[in-house]
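Each remark here refers to the structure printed beneath this line.
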Amino acid sequence: MRSPKPKPKQQPAPAVMVLGVGSFAHSATTILAGAGANVSTYLTRNYGHYPPSLAGPTYSRETHPSPVPLIKQLGVELVLPQSIDWALQPWAEALLKSGVGILCPTRAAMRIERERDFARKLCAKFKIPFPKAYVASNRLEAGKILAAHPQPFVIKNPLCSPTSPIHTIMCETVADTRAWLKHVDYAEGIFLQEYLGRAEAGHIVLVSGGEIYSLVTNQEYKRAFDGNQGIVAGAPLGGLVERDPGDQYGLARELIHPLRPWLRESKFNGPLQVTAIKRGGKWHVIEYNIRIGVTSGAMILRLLANPLQTLLSTVRNRKLAPRFVADNRFGASITLAGHGYPYVQLQAPPLPVDVTEPFDRVNGDVWWNEVARDADERLVATGHRIADVIGFGATLESALRKAYKNVRRIRCIGSYHRTDIGKSLWPPGCA
């Protein structure tokens with residue numbers, strides 16, 4: 001009688017740690033846990049702590065001043081940062097030396113997002129279209145630039161960070177620009193970028209093993225209100241992604257692939273997003289980002305049939321084989337904003353958040369953001385962005401229907417959402 005074959009030794013589940021809060025951490029940890037990971041969150045900001053706790057353990061900065069000991073203790077293989085500010089933390093060098101895989105380019109490769117004028121110079125070197133742009137250190141210099149080049153400018157901080165003294169101000173006339181130059185904070189100087197219109201779109205790739213892998217073409221609805229009115233909000237009020245491994249709109253081919261020599265020289269490894277404006281039939285780079293995105297990330301991970309393996313292979317700098325869910329081509333995200341948003345200086349008490357009907361979870365997600373449970377275990381809003389509600393489908397229309405169906409099932413006094421996502425700025429290149 002033959003003895004039974006020994007069972008193969010089961011490999012432990014990969015450990016993943018998200019550096020972030022709110023809906024970004026909630027979505028990433030939930031999706032990757034569903035793909036087989038052991039997940040946890042290191043809370044990097046002082047809000048949005050409750051949502052990621054729904055998926056796994058969370059760790060505060062107060063209790064754990066550095067995530068590195070936790071990463072070693074938990075055997076973390078993949079770190080997923082919400083923003084590039086992790087590189088400015090006192091523990092950044094220890095994180096890099098730990099050898100853990102970070103889903104973000106590091107060291108010199110970070111400059112493409114961190115330093116706006118570096119991105120401009122890089123585009124000039126590789127003959128990639130980029131709007132005319134200038135750097136000024138104070139109001140007097142900025143005024144001289146405007147006098148020499150009387151045209152509307154987009155006003156940005158020279159260094160990109162969530163805590164920058166200047167957040168993007170879109171000026172559509174010379175008078176708009178002149179008025180704002182009198183009021184912005186020049187603490188880090190100012191970056192003036194030629195305004196090219198509203199026909200904006202983006203594309204997100206993964207760079208791994210020396211190759212560039214297109215994932216999606218995307219759109220972000222950055223203005224606060226319907227009709228693309230209101231100010232450019234701190235984070236988008238909605239977004240779209242289209243599965244696009246073939247780069248059908250040419251964004252990667254024209255604006256990312258020419259960077260290949262620099263990508264290799266800088267040892268670039270991780271996500272790269274280009275945001276561009278189409279003018280005169282040609283794409284022009286507006287900026288590069290080195291994250292999967294707060295708005296697009298949750299949709300990308302859901303569109304991938306193998307999200308965990310794709311991210312692990314990326315941080316190991318291996319060749320990738322991303323596979324997509326067969327039935328879903330589009331994702332649509334709608335943000336439910338709370339009292340006072342986007343004017344975040346306005347405050348409100350913890351307002352009740354009611355779910356009037358169970359969410360339709362088939363091809364639909366609801367990721368909580370600035371919410372918590374009160375003493376009576378009721379869900380309450382604790383900030384200005386309540387949830388990101390996402391739908392998926394074979395068509396854009398079906399994805400939007402699902403997202404709007406679920407967002408209408410959330411009630412919170414003073415809250416609102418845009419009702420026109422997908423009705424403008426799409427297809428890519430349209431205003």
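Coordinate range of the alpha-carbon atoms in the chain per principal axis, descending: 91, 52, 45 Å. In terms of other Cβ atoms within 10 Å, Lys125, Lys156 run from fewest to most in the order Lys125, Lys156.
With coordinates expressed along the principal axes, the C-alpha atoms belonging to the range 293-385 extend over 50, 30, 25 Å, beginning with the largest. Loop-located GluC sites (Glu not before Pro) across the range 353-431 with a Cβ neighbour count of 12 or fewer within 10 Å are Glu377, with loop assigned by DSSP.
With a cut-off of 15 Å between beta carbons, the residues surrounding Gly143 carry a summed charge of +2, where Lys and Arg count +1 and Asp and Glu -1.
In this structure, the residue pairs whose Cα-Cα separation is over 28 Å, taken from Lys222/Lys267; Lys72/Lys267; Lys144/Lys222; Lys97/Lys125; Lys278/Lys402, are Lys222/Lys267; Lys144/Lys222; Lys97/Lys125; Lys278/Lys402. Within the range 132-194, DSSP assigns beta bridges of which about 90% are antiparallel (rounded to the nearest 5). Read phi for every residue in the range 209-223 and hand back ³J(HN,Hα) as whole Hz from Karplus 6.51 cos²θ - 1.76 cosθ + 1.60, θ = phi - 60°, with x for Gly and Pro. Each residue's phi maps through the Karplus curve to give x, x, 10, 10, 10, 6, 10, 9, 9, 9, 9, 10, 9, 8, 7 Hz. Once every Cα of the range 268-334 carries one equal point scatterer and solvent is ignored, give the base-10 log of I(q)/I(0) from the Debye formula at q = 0.26 Å⁻¹, two decimals. Cα-only, vacuum Debye calculation for the range 268-334: -1.16.
Note the full-extension length gain between Ala326 and Lys121 as 0.36 nm times their separation in residues minus their Cα-Cα distance, in nm to one decimal. Intermediate results must be reported in sequence, preceding the final value.
On the way: separation 205, 0.36 × 205 = 73.80 nm, distance 4.01 nm.
Fully extending the segment from Ala326 to Lys121 adds 69.8 nm.
Based on the mean of other beta carbon atoms within 10 Å per residue, what is the order of 202-212, 328-338, most packed first?
Values: 202-212: 21.2, 328-338: 25.5.
Peptide ranking by packing, descending: 328-338, 202-212.
Excluding residues fewer than 8 places away in the same chain, name every one of the aspartates and glutamates whose C-alpha is closer than 16 Å to that of Lys423. Straight-distance partners of Lys423: Glu200, Glu220, Asp226, Glu242, Glu397. In this structure the amide hydrogen of Leu304, modeled in the peptide plane, comes within under 5 Å of the amide hydrogens of Val325, none closer than 5 places in sequence on its chain.
Rank Leu240, Leu146, Leu196 by mean-square fluctuation in a GNM of the chain with C-alpha springs under 10 angstrom and give only the top-ranked residue. Of Leu240, Leu146, Leu196, the most mobile in the Gaussian network model is Leu146.
A helix-only calculation puts the chain at -6500 deg cm²/dmol for mean residue ellipticity at 222 nm, using -39500 (n - 2.57) for each DSSP H run of at least four residues, averaged over all residues.
Taking the beta-carbon count within 10 Å as an exposure proxy, list Thr163, Thr29, Thr58 from fewest neighbours to most. All intermediate terms of the calculation are to be shown ahead of the outcome.
Working: Thr163 11, Thr29 27, Thr58 19.
In order of increasing Cβ crowding within 10 Å: Thr163, Thr58, Thr29.
Taking R0 as 41 Å, what's the FRET efficiency between Ser161 and Lys319 from their Cβ-Cβ distance, rounded to 0.05?
0.80
Shown is the FRET efficiency for Asp354 and Gln229, computed with R0 = 35 Å from the Cβ-Cβ distance and rounded to the nearest 0.05: 0.80.
So between Thr63 and Tyr416, what do we pick up on full extension, going 0.36 nm a residue minus the alpha carbon distance?
Details: separation 353, 0.36 × 353 = 127.08 nm, distance 3.54 nm.
Roughly 123.5 nm would be gained on extension.
Counted residue by residue at 0.36 nm each, then reduced by the alpha carbon distance between them, the extension gain from Thr173 to Arg260 reaches 27.7 nm.
Label sites at Val344 and Ala375, each approximated as a point 7 angstrom past Cα along Cα to Cβ, lie 2.9 nm apart.
With both labels modelled 7 Å from their Cα along Cα-to-Cβ, the Arg198 to Leu54 distance reads 3.3 nm.
Electrostatic bookkeeping for Ala119 treats Lys and Arg as +1 and Asp and Glu as -1; over the other residues with beta carbon under 13 Å from its beta carbon, the sum is +3.
Between helix 396-407 and the chain there is an angle of about 80 degrees, using the helix long axis and the longest principal axis of the Cα atoms.
How big is the Cα convex hull of the range 15-102 in projection, averaged over all directions, in nm²? Don't skip to the answer; put the middle values down first.
Working: hull surface 19.8 nm².
Mean orientational projected area (the range 15-102, Cα hull): 5.0 nm².
So what's the net charge close to Gly48: Lys and Arg +1, Asp and Glu -1, counting the other residues with Cβ under 12 Å from its Cβ? Once positives and negatives cancel, what remains is 0. The distance between label points at Arg401 and Ser137 comes to 6.0 nm (points 7 Å beyond Cα on the Cα→Cβ vector). Mean projected area of the convex hull spanned by the Cα atoms of the range 132-194, taken over all viewing directions: 3.6 nm². For Tyr195, the residues whose amide H sits under 5 Å from its own are Phe153, Val154, ignoring neighbours fewer than 5 places away on the same chain, with H placed 1.01 Å from N.
Readers should treat all values here as calculations from the given coordinates under stated rules, not as data from a laboratory. Note that this is a predicted model, so its numbers are computed, not measured. In this analysis, Cβ positions are derived from the backbone assuming ideal geometry, glycine residues included, and neighbour counts consider all displayed protein chains.
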